[in-house]
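Notes follow the structure.
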Amino acid sequence: MADTRKKGSNFRIQGILLILAFIFAVTILGTDKNLQTDFGIAKPYFIHWYGMLAVAIVSLIGGVILIISPKRSLGIAGTIGSGLLALFLISDIATYSTLGAGLTASQFATYLFGVSKYPGSLSYIPGIYDVLFTSVLAALIAGLVVLKRIEKTSDNQFQKTS
């Protein structure tokens, strides 16, 4: 039984990574004036801001749940959720046409994933979207690794009892 708790506790790492994603998402929400105003066109908040708010909320809830209760079933949900968050963050590039700034998909991707300030943009922290995406991707990988270890351990236990 102690072995099961130890394996489950590994999902806490995934939870911590999701809490980090929450911190990065909240930082983006508070500092990215382009996200808040559609590059100075809309007030008070642009629709993309609400998408980032959803990322923050999902990351926080998922992270807290995995830290408090690192069960296998919740680890599976956390891994699927991390994958969906990663896809959501990447698919944001496809929404470039909704921007009032007139950016192309390539320009918007450079703005999101660039590590230097995009020309003509309002204040934001370049590279923080990369850090957010990396933390979500790390949470996905952490979940997959733990699930693989659990599967391997279960297979070994089944072979010993057969």
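Structure notes:
- Estimated distance in nm for a label pair at residue 64 and residue 43, the labels positioned 7 Å out from Cα along Cα-to-Cβ: 3.3 nm
- Between 0 and 90 degrees, the angle of helix 72-91 with respect to the longest Cα principal axis of the chain falls at about 20 degrees.
- Rounded to whole Hz, the Karplus (6.51, -1.76, 1.60) HN-Hα couplings of segment 113-126, x for glycine and proline: 9, x, 9, 10, 4, 6, x, x, 8, 6, 5, 6, 9, x
- Between helix 47-68 and the chain there is an angle of about 20 degrees, using the helix long axis and the longest principal axis of the Cα atoms.
- Point-to-point label distance, residue 80-residue 148, nm (Cα→Cβ direction, 7 Å offset): 2.1 nm
- Mean-square fluctuations from a GNM of the chain, with a 10 angstrom spring cutoff on Cα atoms, peak among 147, 29, 103 at 103.
- Choice from 117, 148, 33 with maximal GNM fluctuation in the chain (Cα, 10 Å cutoff): 148
Computed from the coordinates by the stated procedures, all read-outs in this text should not be read as laboratory data. Not measured: the values here are computed from a predicted model. Cβ atoms come from the backbone with ideal geometry, glycine included; neighbour counts cover every protein chain shown.
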